[in-house]
Amino acid sequence: MTERVRCLIIGSGPAGYTAAIYTGRANLNPVLYEGIQPGGQLTITTEVENFPGYPEGIGGTELMDDLRKQAERFGVDIRSGIATKADLSQAPYKITIDDEKVIEADTVIISTGATAKYLGLEDEQKYAGMGVSACATCDGFFYRKKVVAVVGGGDTACEEAIYLAGLASKVYLIVRKPYLRASQIMQDRVMNNPKIEVLFEHNTVGLFGENGVEGAHVVKRMGEADEERYDIAIDGFFLAIGHKPNSDIFKEWIDTDEVGYIITEGATPRTKVPGVFAAGDVADPHYRQAITAAASGCKAAIEAERYLSEHNL
């Protein structure tokens, strides 16, 4: 089963929906497939307070519902389904949905996002939105003058710990190794911050709390065979061990960095394949914010419109 469309949008986070709003208004008759997590990562965030236009804040799911309705208002064909295969060797580009339906698209906007890496603890799911977060910039405000923990030893973990130290009363940085992997300047900032306590050679094995996170069970390695188990009292638990961009099916055709983030041309959303654009977290290893994802979705839509116009499609 094959279908031809002018503009195919893959993913339904802020980037995908914004691209849909712009391409819908431009009468490109876009088709959007929601992907593995309809609404994207914001649907697992309880409160969004830093998205412009919502002075009292808004629930993550509610925000995404608003964006979806706005896209539907402009005639966007929003469908459930996951892109499982891509052939970007020549136009029209072929994207297989759910291993069965093939969409032939004159332009493709990839907005498949990036998935935060977790430790794999059951408690991470149990306390999702109740003290567990993978974004300090998004959720740090809720922990003003409270005690939090950050897991990780790289630059991102150090950045998040420093950011949180500006809000929280104390920050534990839980590091699996006996050293930090971060750049020297970030290490120095962490070690010189009186609010940050680094727990080297520690692993988190569980979380506890009645109506949210109240503490973490940690294990400290004492030597080859010895270890010490104890609890730390915390109000928030932040994961900073990396993200995995959802770009695997496109890697044969477009450039990605060593982690998998799609590489675009300069400040544009253009990939090396003409007519194929990347927007949002799948192409953003630095900011990963709803507002920057939305902005890149706008850019991708405008580029797609120009491409179709220039090629008389």
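Annotations for the structure displayed:
- Of the strands (runs of 3 or more DSSP E) contained entirely in region 98-192, those carrying at least 2 residues that are of a type outside the set (A, V, I, L, M) and outside the structural domain of Ala300 (by TED's automatic domain parsing) fall at 170-174.
- Boolean, Gly39 is closer than 21 Å to Gly129 by Cβ and surrounded by fewer than 17 Cβ atoms within 10 Å (Cβ to Cβ): no
Results for (1) in contact with a Ser or Thr (Cβ under 9 Å, 6 or more places away or on another chain); (2) at pLDDT 95 or above; (3) closer than 18 Å to Val148 by Cβ, shown as yes or no for each residue.
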residue	(1), (2), (3)
Glu201	no, yes, no
Thr204	no, yes, yes
Gly209	no, yes, yes
Gly215	no, yes, yes
Val218	yes, yes, yes
Asp226	no, no, no
Phe237	yes, yes, yes
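- Applying the condition of being in contact with a Pro (Cβ under 6 Å, 6 or more places away or on another chain), surrounded by 24 or more Cβ atoms within 10 Å (Cβ to Cβ) and modelled with pLDDT of 95 or more to region 256-296 and asking which residue is nearest to Cys138 (Cα to Cα) yields Ala293.
- Filtering region 175-187 for residues that are under 22 Å from the mean Cα position of the chain (by Cα), under 19 Å from Asp139 (Cα atoms) and free of Cβ contacts under 8 Å to residues at least 40 places away in the same chain leaves an empty set.
The values are calculated or read from the model by the stated rules, or taken from the named source; none is laboratory data. The structure displayed is predicted, hence computed values, not measured ones. Methodologically, a virtual Cβ is constructed for each residue, glycine included, from the backbone with ideal geometry; neighbour enumeration extends over all protein chains shown.
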